[in-house]
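Data block below; observations after.
Rule-based calculations on the coordinates, nothing more; no lab input. Computed from a predicted structure; not experimentally measured. All Cβ positions, glycine included, derive from the backbone under ideal geometry; neighbour counts span all protein chains shown.
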C-alpha cells in the first residue's frame, strides 16, 4: 500500500494548519481528488516563496491527485492585503495577462499538464464579468463583517486604513473555491499559512452553498530560523526566472543559507528521501557545508535543470577553490567607451549591484571586504586598470567571502 501523501507532506515539514485533519487524511488516502492553489500574478516570475507551494503540488500529483493552478487574473486586479502595511499597486490588464503567461510557462517545468493530469485556470474567467449586485446578494450575505475584521490578513492594514476595495479580496478568493468546486469538483484548497483566513472563508462558503464537504490546508511559510522571510537578497527577491536570478546566483543563495535552515529546506524544497535528509541535517560544524552543497545542487537542478546545476556547482567550487571564475558566475559586460580610461572599483560595485550605493561600496572597502582578482582593495580611489584584466579581458570582483561578479571588457 502506497504512503498517504498527507503523511509525506507532514513528514517533510509542509503542513501548518488544517480545517479537518482526520477527514483530509482519509480523503487523500481513499480517492484521487482535485485540489487547487492560487497564485496572484504580481510579477512576471515566480519566487522561491512560490516554489514551496509548487513542491507541495508536485508531491500531491505524484500521489495521483489533480492540481489546479489558479492564476489570479481577477484577484490580481485587487491585490491581497495579507501581510501588507500599504495597498498593493494596481496593475493594468496587459501587465496581468503578461504575468499570467510567464507563470504558465514556469509551472510546466514542475507539473505535468498532459492528458488532464493538471490544469491551469484563470479566475478572470468568472470574476471580471460578475454583476456586483448579484454577487453581493448571492455571496456577500454569507460573510460576517465582524468575523472578517478579526482575520489575520486584515490586522496589519487596520491601523493605516483598510479600503473597501481590499476588503472584497476575501469574498473573491472564497468565490474562487465555489467556482472550482462547481466546475471541477475541487475538494481542497491549499496555500501558504498567511492565507489561512481566506481559505477558511472559501471552505465555509462552499459548505454553506453546496452542502459539500470541502477542506483547507496551509503550509509553513519559507522563513529563516529567526522568522524572516527567505528568498530575499540585497538585489531583491530570488526568482525562478534565470533572466532575473541567474542559476549561479540561485545556487549560491542556497549554498550560503544559515546552518540552522539546511534541514528544513532539504525536506521542503528537494525530493531527497527523508532518510537522506535526516542524515544530512545531522551534520555539524564544517561538515554542514556538504549538506548545503547537496541542497543547492538539488534545488537548482529542479528549477534550472541538471546541466545548469552542474555549471553553477563547478563555478562555485572553482571560486572557493581559488582557481578563478568559471561556468555561470554572474557577468557584466562593459564597452570600451563605457570603460574609458578606467573605472573606479566603487562604480563597478554599484554597477554590478554587489553594493546598493556608493556609500555602501566605500564602507565595504574601508572594512577590507572587497577584492579584485583575489587582491584586497585598500583605497576607495582604486581604479580598475587595463592591467587588472586577465587574458580573456575579464576581472573578478569579490565582496565579502561569498559574493562574486565578473567584469568583461567587450
So what's the range 1-81 giving for Cα Rg divided by 2.2 N^0.38 Å, two decimals?
1.21
Using the count of nearby Cβ atoms within 10 Å as a rough guide to exposure, how do 402, 311 rank from fewest to most?
402, 311
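When every alpha-carbon pair in the range 232-320 is counted, what percent end up more than 15 Å apart?
Numbers: 2184 of 3916 pairs.
That fraction is 56 percent.
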Grab the alpha carbons of the chain, take their convex hull, and tell me the volume per residue in Å³.
170 Å³
Could you work out the relative contact order of the chain? I mean the mean sequence separation of Cα pairs under 8 Å and 6+ apart, divided by the number of residues, in percent.
15 percent
Measuring from the lowest to the highest alpha carbon on each principal axis, how far does the range 241-374 reach, largest first, in angstroms?
57, 31, 26
Proxy exposure order for 355, 102 (fewest C-beta within 10 Å first) is 102, 355
quick note, the chain, DSSP beta bridge pairs, % antiparallel (nearest 5) is 50 percent
Alpha-carbon Debye profile of the range 331-409, log10 I(q)/I(0) at 0.15, 0.21, 0.22, 0.24 Å⁻¹:
-0.44, -0.89, -0.98, -1.19
Taking R0 as 30 Å, what FRET efficiency do you get between residue 147 and residue 62 from their Cβ-Cβ distance, rounded to the nearest 0.05?
0.20
When DSSP assigns beta bridges and you keep just the ones with both residues in the range 331-409, what percent turn out antiparallel, to the nearest 5?
75 percent
Under the 7 Å Cα-to-Cβ spin-label approximation, residue 310 and residue 258 lie apart by a distance in nanometres of 3.5 nm
Compute the whole-percent fraction of alpha carbon pairs in the range 187-273 spaced more than 17 Å apart.
62 percent
